[in-house]
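A quick write-up on the structure given underneath.
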Amino acid sequence: MNIPKLLIIKISHTIIWLFFNVVIFYILYAAIFNKIDIWVWIGIGLVFLEGLVLLAFKMFCPLTVMARKYSDSTKDNFDIFLPNWLAKHNKLIYTSIFAVAILILAYRILQA
């Protein structure tokens, strides 16, 4: 079976996106309910690592860069299984949620 490379990239990209959603929302949950544990700090480290990767690739996911070889689509979701509007605003939405989580976390730590 010969699976198209773009399909493999889209599936991989979507799974990684889902993983980071879980990480970001876990951080938010832990901050809101004051359940700060080692997983919060690991999650924060992973999100910062993801940010460094994005910076290294000029704010593009490396999978997006790879997918460009297999598509000339101008849609924001050509490389991931998301609605186009979400793919377009993904970084803004999730950076905002992460920032809120970090602010709540900072408040919790300062209150301790």
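A single entry from Tyr94, Tyr107, Tyr29 fulfils the requirement of being at pLDDT 95 or above and open to solvent by less than 80 Å² (accessible area, probe 1.4 Å): Tyr94.
Out of the stretch 1-40, which residues are charged (D, E, K, R) and touching a residue at least 12 places away in the same chain (Cβ under 8 Å)? Those that are charged (D, E, K, R) and touching a residue at least 12 places away in the same chain (Cβ under 8 Å): Lys5, Lys10.
For the stretch 63-84, the criterion of being open to solvent by 70 Å² or more (accessible area, probe 1.4 Å), among the polar types (S, T, N, Q) and more than 24 Å from Leu7 (Cα to Cα) is met by no residue.
Inside the stretch 46-62, can you point out the residues that are within 14 Å of Thr95 (Cα to Cα), assigned to a helix (DSSP H, G or I) and open to solvent by less than 100 Å² (accessible area, probe 1.4 Å)? Once the filter is applied, which keeps residues that are within 14 Å of Thr95 (Cα to Cα), assigned to a helix (DSSP H, G or I) and open to solvent by less than 100 Å² (accessible area, probe 1.4 Å), the stretch 46-62 yields Leu46, Val47, Leu49, Glu50, Gly51, Leu54. Just to be sure, is Asn34 at positive phi and either touching a Ser or Thr at 6+ places or on another chain (Cβ under 9 Å) or surrounded by 12 or more Cβ atoms within 10 Å (Cβ to Cβ) (or both)? The answer is yes for Asn34. Only one entry of Ile3, Ile16, Ile8 meets the criterion of being modelled with pLDDT under 95, closer than 21 Å to Ile80 by Cβ and either outside any helix (DSSP H, G or I) or not charged (D, E, K, R) (or both), and that entry is Ile3. Within the stretch 70-112, being in contact (Cβ under 8 Å) with a residue 24 or more places away in the chain, charged (D, E, K, R) and in a helix (DSSP H, G or I) holds for Lys91, Arg108.
The values are calculated or read from the model by the stated rules, or taken from the named source; none is laboratory data. No experiment lies behind these values; they were computed from the predicted model shown. Don't worry about glycine lacking a Cβ; one is built from the backbone with ideal geometry, like all the others, and counts go over all protein chains shown. Heads up: the accessible areas ignore ligands, DNA and RNA and are worked out on the full protein's heavy atoms, side chains in. Shrake-Rupley method; radii C 1.70, N 1.55, O 1.52, S 1.80 Å.
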